[in-house]
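Taking it in order: structure first as structure tokens, then the write-up.
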Amino acid sequence: MPIDPNKARGARLADGETSYTKDQVILYHLGLGAGVPATDPKELEYTYEKNLKVLPSFAVIPAFSSMGGIGTVPGMQFNFAMLLHGEQEVIIHRPLPVEAKLKTSAHIPEIYDKGKAALVIMESTAKDEADGQPLFTNRFSLFIRGEGGFGGDSGPKAGNAAPERAPDGVIERKTLPQQALIYRLSGDKNPLHADPDFAKLGGFDRPIIHGLCSYGIACKAIVDEVLGGDVAQVARYQARFATPGYPGETYRIKYWKDGAKRILLEAESVERNVKMITNAVVELR
């Protein structure tokens, strides 16, 4: 049954409750490659309970379970094999605590017609159960192949383009051969990231890194090298997934300062010379 945008647009998903612990935060950071060198005091702030801090991109982890309910929304029956994660945005209302119990709500504010595909926007907000105040909001942009052509708005043009000048800085991060195997333990168990045979069915010669892992790797690079490790400065982070990365590759993150409160960035594979993340921005408080 194809997507019915008239039914799905504006629909709310069931409210939920979730939580996370220090161990889950540390595991997420390890899944991004944190802890190199293992005894570096700055890296220990990501990997050891003492002085633990939370990368703003961690907000995608508690929200990820919200995506599972999208298939229950009236008008949103589709083949999940045709779904690609197009973009991700997190809005951090206040710095993330190292542990929290959350109440979550989600809805579908918009569905755009991309011709051969539908672009479904799903927005999910998490409130801290301790005080009932919003902690973070996620906006997932879900590109569903074969579901377009219904005559709707094609959506806004991509923003946050990198300037036509040399970057203000370049950061390189080497991933581990087992990077995707670690990252999947944070919740995304899609076999595309672990099973070579399944990856070949998807058109890849070997398992690929999760898009949200690449998203987090780029975030950590900016926080560490541009913001001096201060995770509390990040108010918003948005990025487009251009090409999948592979475990073991080197990420080259280029960034451009755009005024006092915006950092534009891209991430590319050194080995393949292709862009993996584009149209990305980190906005500061």
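Within segment 124-155, the set of residues being more than 19 Å from the chain's Cα centre (by Cα) and small (Gly, Ala, Ser) comprises 130, 132, 146, 148, 149, 151, 152, 154, 155. Of all residues being over 16 Å from the mean Cα position of the chain (by Cα) and open to solvent by 70 Å² or more (accessible area, probe 1.4 Å) in segment 177-194, which is nearest to residue 211 (Cα to Cα)? Just the residue, please. It comes out as 181. Within segment 150-175, residues that are within 30 Å of residue 35 (Cα to Cα) have Cβ atoms under 6 Å from residues that are open to solvent by 50 Å² or more (accessible area, probe 1.4 Å) in these pairs: 167/254; 168/257; 170/254; 171/225; 172/252, counting only partners at least 6 apart in sequence or on another chain. Would you say residue 171 is under 26 Å from residue 271 (Cα atoms) and open to solvent by less than 30 Å² (accessible area, probe 1.4 Å)? Criteria met by residue 171. The selection criterion, being part of a loop (DSSP other than H, G, I, E, B), on the phi > 0 side of the Ramachandran plot and surrounded by fewer than 18 Cβ atoms within 10 Å (Cβ to Cβ), holds for residue 149. Being free of Cβ contacts under 8 Å to residues at least 24 places away in the same chain and not polar (S, T, N, Q) is true for just one of 63, 81, 100. Which residue is that? Going through 63, 81, 100 in turn, just one is free of Cβ contacts under 8 Å to residues at least 24 places away in the same chain and not polar (S, T, N, Q): 81. Would you confirm, using the coordinates I've provided, whether residue 123 is part of a strand (DSSP E or B), among the acidic types (Asp, Glu), closer than 21 Å to residue 211 by Cβ and in contact (Cβ under 8 Å) with a residue 12 or more places away in the chain? Yes: the conditions hold for residue 123.
The values are calculated or read from the model by the stated rules, or taken from the named source; none is laboratory data. The structure presented is a predicted model; accordingly, all values stated were derived computationally and were not measured. Backbone-built Cβ (ideal geometry, glycine too); neighbour counts: all protein chains shown. When the accessible area is computed, the model is the full protein with side chains, heavy atoms only, and any ligands, DNA or RNA have been set aside. Shrake-Rupley method; radii C 1.70, N 1.55, O 1.52, S 1.80 Å.
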